Amino acid sequence: MPPGRHWTHQIAHECKIAGVPQPRHRENDNVTTPGHTAVVGLQWGDEGKGKVVDLLTADHDVIVRYNGGANAGHTVVIGDEKYALHLLPSGILSGGKICVIGNGVVIDPDTLLGEIEGIRSRGIEINAENLLISDRAHVVMPYHKEHDAALERVLSSAVEGSGPGLSIGTTRRGIGPTYADKVHRSFAIRMGELTDKEHLRERLKVICAIRSRELNALGVEAEPLDPDELAERYAGFGELLKPHITDTVYALHDMRRDGKSILFEGANACLLDIDHGTFPYVTSSNCSTLGIPAGTGLSAPFADEIVGIMKAYTTRVGAGPFPTEETGDTGDRIRKRGNEYGTTTGRPRRCGWLDLVAVRYSAMICGATSIACMLLDVLSGFDELKICSSYRLSDGTVTDRFIPDARGLLQAEPIWETLPGWTEEIDDTTDRSDLPTEALGYLERIEEIVGLPTYLVSVGPERTQTLEGTCRA
Ligand code: IMP
């Protein structure tokens, strides 16, 4: 076990499992304060971050979302209850935590209010103290969602008859157009503006006139956008959310200075990062850990531990290159066994073998200090398992470097390593050493190639189905 780590965990004890990663504790002026942790996806999303965030929440005081919007979907299973969260940090499910939606997030207030109501109706309290929303987070407006969908329609038929077209396969939650407005500046609306109806109305008069014309140009045949109606509706949302809307940047700095430990909850994943993912088939935010400083206002070093989350195989939703994709029986089998359907859109996910070139790259970009390997149980029953540790490019060269660009990655062919599979079901394993030898061998190979310990292995959705340890000495 590496020095400075404490691997016993409150929830782990409750669940009678061996433990899950805990943050390092920092010595500061002779006072030991808890450390900060970031949880980030190392593939194309849906790695199971929600479960890890949920497990780590017990050891942190503050849980922060820093990027993305309702395109993300975290499913957390607690006992018989299943929670699907899109905008609320999953820490909201644990009592006594402060949850923060940082300035880097784009917020659909309607969706957020629906989520808050849904959680409250299950007896979980959400109030001005435990949910802080950045006044500088940008608002997803209805025209952003229409624009997103219309652009996807136009792009999917842009190269008629010659394939799937140019669409990205977005979640149609208005994410791209909202971030585009943020960068474009003049038309952007921030959460802080929703609490001033007259100001909002004035801004919307200009915005709606131009947006209506743009939507028409994209083939949307609808009534022109009505600034008065939108101002009424969105100021209404602002009124409801007002107790939560605040300057989260100062709040986070205050909490950090006061010794509170912070857990950063990444949404989407590193390979979807706007700068470092498989551009242009990415989302529109920095969803690697590089998004943390900008999306929260907290400067580096923001975390002592960075837990990179990966599945034991690979999935992707939407378009874009996926070198290890299996389109036949193997992909179907993984999809069925892993229930690989989108939390946000319900779309079947594309499935394939583990691409460790990609994981190693993401771990590098994110500065991961350890790995959580999720859904290992899904691989039970395969005679053989394949791992990709390098690519062969179209000119015959072999590389172990990822290509974070769609055009370049399309020419990458996986070079496979074949490892023996295991027949036993492993979902009720409670000790890592009880895993079949072949499963331990699989984990060991992941650690060798990525160069990081897999301190957490998940063999099912429940908190109890979590194993600690590493193959490393
Ligand atoms: P957008 O974020 O809706 O613009 O979608 C851009 C791309 O990112 C699409 O391929 C989506 O399927 C993908 N994407 C966005 N968020 C997630 C996520 O949380 N999990 C998996 N894929 C995502």
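The numbers here are math on the coordinates, done by the rules we state, and not lab data. Source: prediction; values computed, not measured. FYI the Cβ positions are ideal-geometry reconstructions off the backbone, even for glycines, and counts take in every protein chain you see.
Tell me, how many Å apart are the Cα centres for segment 55-133 and for segment 400-473?
Comparing the Cα centres of segment 55-133 and segment 400-473, I get a distance of 29 Å.
Once a ≥ b ≥ c are taken as the square roots of the eigenvalues of the Cα gyration tensor of segment 138-243, is the result rounded (a/c under 1.5), prolate (a/b larger than b/c) or oblate (a/b not larger than b/c)?
Numbers: a/c = 2.68, a/b = 1.99, b/c = 1.35.
Judged from the Cα gyration tensor, segment 138-243 comes out prolate (a/c at least 1.5, a/b above b/c).
Could I have the simple spin-label model distance between A84 and T418, label points 7 Å from Cα toward Cβ, reported in nm to one decimal?
With each label point 7 Å from Cα toward Cβ, the separation is 3.9 nm.
Suppose a student asked you for the relative contact order of segment 386-473, using Cα pairs under 8 Å spaced at least 6 residues apart; what percent would you report? Working shown, then result.
Values: 110 pairs, mean separation 20.3, N = 88.
Once divided by the residue count of segment 386-473, the mean separation gives 23 percent.
Please compute the contact order of segment 138-243 in relative form: average sequence separation of alpha-carbon pairs under 8 Å and at least six residues apart, divided by the residue count, as a percent. Each step should come with its number before you reach the end.
Values: 121 pairs, mean separation 29.3, N = 106.
Rounded, it is 28 percent for segment 138-243.
How do the peptides 266-275, 123-132 rank, highest first, by the average count of neighbouring beta carbon atoms within 10 Å per residue? Don't skip to the answer; put the middle values down first.
Details: 266-275: 28.0, 123-132: 14.3.
Per-residue mean Cβ counts within 10 Å order the peptides as 266-275, 123-132.
List S288, S94 from most exposed to least, where exposure is judged by having the fewest other Cβ atoms within 10 Å.
Numbers: S288 28, S94 19.
Ascending number of Cβ neighbours within 10 Å: S94, S288.
Collect residues whose amide H, placed 1.01 Å from N in the peptide plane, falls under 5 Å from the amide H of L435; neighbours closer than 5 in sequence don't count.
Result for L435 returns nothing.
I need the phi-derived Karplus couplings for segment 424-438: 6.51 cos²θ - 1.76 cosθ + 1.60, θ = phi - 60°, integer Hz, Gly and Pro marked x.
5, 6, 10, 6, 10, 5, 10, 10, 4, 5, 8, 5, x, 3, 5
Relative contact order for the chain: what is it in percent, counting Cα pairs under 8 Å that are at least 6 residues apart? Write down the numbers at each step before the final one.
Details: 1090 pairs, mean separation 91.4, N = 473.
Once divided by the residue count of the chain, the mean separation gives 19 percent.
Using Cβ counts within 10 Å as a stand-in for footprinting exposure, how do W44, W416, W353 rank, fewest first? Please report the intermediate quantities before stating the final value.
Details: W44 29, W416 15, W353 25.
Taking fewest neighbouring Cβ atoms as first place, the list is W416, W353, W44.
Using a ≥ b ≥ c from the Cα gyration tensor of the chain (square roots of the eigenvalues), is it rounded, prolate or oblate, where a/c under 1.5 gives rounded and otherwise the larger of a/b and b/c decides, a/b for prolate?
Values: a/c = 1.91, a/b = 1.24, b/c = 1.55.
Because a/c hits 1.5 or more and a/b fails to exceed b/c, the chain counts as oblate.
Using the Karplus curve 6.51 cos²θ - 1.76 cosθ + 1.60 with θ = phi - 60°, work out ³J(HN,Hα) for each residue of segment 243-249 in order, rounded to whole Hz, and write x for Gly and Pro.
Calculated HN-Hα couplings, in order: x, 9, 7, 7, 7, 6, 5 Hz.
Lysine pairs, Cα distance under 17 Å, 8 or more residues apart or cross-chain: how many in the chain?
Lysine pair count for the chain: 12.
Using the count of nearby Cβ atoms within 10 Å as a rough guide to exposure, how do L419, L263 rank from fewest to most? List each step's numbers first, then the result.
On the way: L419 17, L263 28.
Fewest to most other Cβ atoms nearby, the residues stand as L419, L263.
Under a 5 Å amide H to amide H cut-off, with H placed in plane at 1.01 Å, what residues pair with Q43 once short-range neighbours are removed?
Sorted by chain and number, the residues that satisfy this are C270, L271.
For segment 114-120, just list the computed ³J(HN,Hα) in residue order, Karplus coefficients 6.51, -1.76 and 1.60, θ = phi - 60°, integers in Hz, with x standing in for Gly and Pro.
The phi angles translate into x, 5, 4, 4, x, 6, 4 Hz.
Is it possible to state the helix-based mean residue ellipticity at 222 nm for the chain, with each DSSP H run of 4+ residues giving -39500 (n - 2.57), the sum divided by total residues, to the nearest 500 deg cm²/dmol? What is it?
Details: 13 runs with 143 residues, N = 473.
After summing the helix terms and dividing by residue count, I get -9000 deg cm²/dmol.
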